[in-house]
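Below you'll find the structure, written out as structure tokens, and then a few comments.
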Amino acid sequence: MTDTLPNGFSHDAAEHYRRLGVWNGDTHWKLFRRTVEARPHAPAAVDAVRSLTWAELDDTVARAAAVLTRAGIRRGDRAIVQLPNSVAYLETVFALWRIGAVPVFSLPAHGATDIRHFAAHAPATHYIGTAHPNKHLGRVQADLARPLPDGRTLTTVLVDDRAVEPWPADGPSPETPGAPEELAFLQLSGGTTGVPKLIPRTHDDYLYSVRASVDVCDLRADDVLLVALPASHNFTMSSPGILGAVQVGATVVFAPGPLPTEILPLIEEHRVTHLALVPPALISLLNYPDRAAHDLGSVRTVWVGGAKLSEAAARRVRPELGWNLQQVFGMAEGLVNYTPLDADVAEVVATQGRPMSPYDEVLVVDEDDNEVPPGTPGALLTRGPYTIRQYHRAPEVNARSFTAEGFYRTGDIVTFVDGVLTVVGRAKDQINRGGEKVAPEAVENVLLTHPGVHDVSVVGMPDELLGEKVRALVIPRDGAPGPLKPTALKRYARGQGLASFAVPDVIDIVDEFPVTGVGKVSKKDQSLQRPASSPEA
Ligand code: AMP
Ligand code: DBH
């Protein structure tokens, strides 16, 4: 027996949560099969080309599993999934769980550098991608032909996610699902380092978080959930998300993206009751001129999270859309907070909610890890039944990211008053681009490889819609041939395997960086944290 579970919990801690009944021995495959048995003829999943009941989905998942088995995927194997929002995405993920394989939840925006990192560190054997790649995904897929540092090459499976029957009929494959305490998947953190960190979640810990989310979100069997953010994001999967819908037997409708033009017709057509958005997508919806042309009366609740929502935008939701707002402050590492549905308006619009489980432990501390008085901003540390106690295979990162007692250092600066959290800033070196997390170091590393570049400093800059954008200050190399052009550098960054959201929005060519009193590059003087409530809305 190893000394911890894959998520870093000691066997004692695991036993503790089992005794409390919060870890109940469920698995993702059992969850799915229960809903298939309970609601075989109810609508399960819809996208632009397909509409399946739970029983039909059960069949197509079995076919998907046969295809993936034929491609060589076995119980315990790790497979990177990089698919657009689609029923085929859902089939792929549940097929992997049917086999007992481990999805690595890549976002479509991840670049070749990210994918190679996941492949090497998971380590993964397979890459499952779309047969209809855009330019960015075309570059990612072309790069897969190159061997990994250890000499292996990933086996690629391309799925026709736009076909009515993406899974060619094949022989049956046995069900070999994983056990509750085993690694269920690897989720990704936005990262503060050069590459995203892999987050190991077990069936037991994750499905508890799904049940807890369903409880505070009032999601029911006849509800219709619109998936508009990338399906494999932790928010979309579990807060309460796709798995919440599977848990209660609700219908999942896939939108290609969160633009008003992409979601409004679907809300009306499918009588959507719930959707999750990041703040920029909500603000775009609020400001969309043709909104009134659509009947949005079916929606009960919008969940907004991933980045701080301004109070001004939050205040507009109820009067202008007629929807409930639940702010969601979550992280793929675990802890999720919601504003309760019955909270008063002041709490809904101005806070990031309450920890969703009574077993979540929250500490707000100063630089020496001493707790600060209630209401004083400090660093948020957390521990509980669904917050990981280690990253996957990353001992050095683990030493900085967790305390000796197993608390996760979130890097967020918060206040905590009467059980309610408000995010007031961050201590981590990260840019939050409207919910998409960018590690400045990753962008700097790429730009530094350009022959015309002497030095780079990447910072966040305030942006009305996104909250923050990515800005690179670049010092050109002496004697480089010809002037350095921002557009050429952006094109270069795009070609170097960066995630598409990490390519700098703005590149400024400068002679030197702002420095602090002691001569250190001052990122504070280059970027401004957005004030808690900005007037963009
Ligand atoms: P990750 O660890 O990559 O999953 O990103 C989680 C981080 O996103 C959190 O630690 C916060 O910094 C940020 N975040 C998520 N939701 C919110 C929110 N509602 N308000 C402010 N920040 C948020
Ligand atoms: O930003 C996040 O990672 C996030 C936001 C809201 C999250 O993981 C979640 C809810 O579960």
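Things to note:
- Helices (runs of 4 or more DSSP H) (entirely within region 226-338) containing at least 1 residues that are more than 16 Å from the chain's Cα centre (by Cα), within 16 Å of ligand 1 (Cβ to nearest atom) and surrounded by fewer than 21 Cβ atoms within 10 Å (Cβ to Cβ): 311-316
- Scanning region 26-48 for residues that are in contact (Cβ under 8 Å) with a residue 60 or more places away in the chain and more than 25 Å from the chain's Cα centre (by Cα) turns up A38, R39, A42, P43.
- Looking only at residues of region 172-215 that are of a type in the set (S, T, Y) and under 15 Å from F105 (Cβ atoms), we find that the one that is nearest to the chain's Cα centre (by Cα) is S189.
Residue-by-condition table, conditions (1) assigned to a helix (DSSP H, G or I); (2) within 21 Å of the chain's Cα centre (by Cα):
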| site | (1), (2) |
| --- | --- |
| N398 | yes, yes |
| N432 | no, yes |
| H454 | no, no |
| M461 | no, no |
| K469 | no, yes |
| L473 | no, no |
| P481 | no, no |
| T487 | yes, no |
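- Residues (free of Cβ contacts under 8 Å to residues at least 12 places away in the same chain and in contact with a Leu (Cβ under 8 Å, 6 or more places away or on another chain)) located in region 363-413: E371
- Taking residues in region 336-354 that are on the phi < 0 side of the Ramachandran plot and within 14 Å of ligand 2 (Cβ to nearest atom), and partners anywhere that are part of a loop (DSSP other than H, G, I, E, B) and aromatic (F, W, Y), the pairs with Cβ atoms closer than 9 Å and at least 6 places apart or on different chains are V336/Y386.
- Taking each residue of region 235-249 that is under 15 Å from D26 (Cβ atoms) and within 12 Å of ligand 2 (Cβ to nearest atom) and looking for partners that are outside any helix (DSSP H, G or I) and of a type in the set (D, E, K, R) with beta-carbon atoms closer than 6 Å, six or more apart or interchain, yields nothing.
- If you go through region 25-48 and keep only what is surrounded by 14 or more Cβ atoms within 10 Å (Cβ to Cβ) and more than 17 Å from V224 (Cβ to Cβ), you end up with D26, T27, H28, W29, K30, L31, F32, R33, R34, V36, P40.
- Within region 288-302, no residue that is over 16 Å from A276 (Cα atoms) and not assigned by TED's automatic domain parsing to the domain that holds W323 sits with its Cβ atom under 7 Å from a residue that is of a type outside the set (F, W, Y) and assigned to a strand (DSSP E or B) at 6+ positions apart or across chains.
- Test: residue in region 55-66 that is buried (at least 18 other Cβ atoms within 10 Å of the Cβ) and farther than 30 Å from A228 by Cβ: yes
- You will find that of D418, D463, D429, the residue that is modelled with pLDDT under 95 and either more than 16 Å from ligand 2 (Cβ to nearest atom) or among the β-branched types (V, I, T) (or both) is D429 and no other.
- Some residue of region 259-274 being within 16 Å of ligand 2 (Cβ to nearest atom), in contact with an Asp or Glu (Cβ under 8 Å, 6 or more places away or on another chain) and either among the basic types (K, R) or within 16 Å of L52 (Cα to Cα) (or both): no
- Elements of the type strands (runs of 3 or more DSSP E) sitting completely within region 95-189 and holding at least 2 residues that are closer than 16 Å to G76 by Cα: these cover 102-105, 126-130, 183-188.
- Considering only residues in region 416-448 that are more than 14 Å from ligand 1 (Cβ to nearest atom) and β-branched (V, I, T), the one that is surrounded by the fewest Cβ atoms within 10 Å (Cβ to Cβ) turns out to be V417.
- Residue in region 362-371 that is of a type in the set (D, E, K, R), within 16 Å of ligand 2 (Cβ to nearest atom) and more than 27 Å from T273 (Cβ to Cβ) present: no
- T60 within 25 Å of the chain's Cα centre (by Cα) and touching a residue at least 12 places away in the same chain (Cβ under 8 Å): no
The values are calculated or read from the model by the stated rules, or taken from the named source; none is laboratory data. Just so we're clear, the structure is a prediction, and the values are computed from it rather than from any experiment. We place every Cβ from the backbone using ideal geometry, glycine too, and count neighbours over all the protein chains shown.
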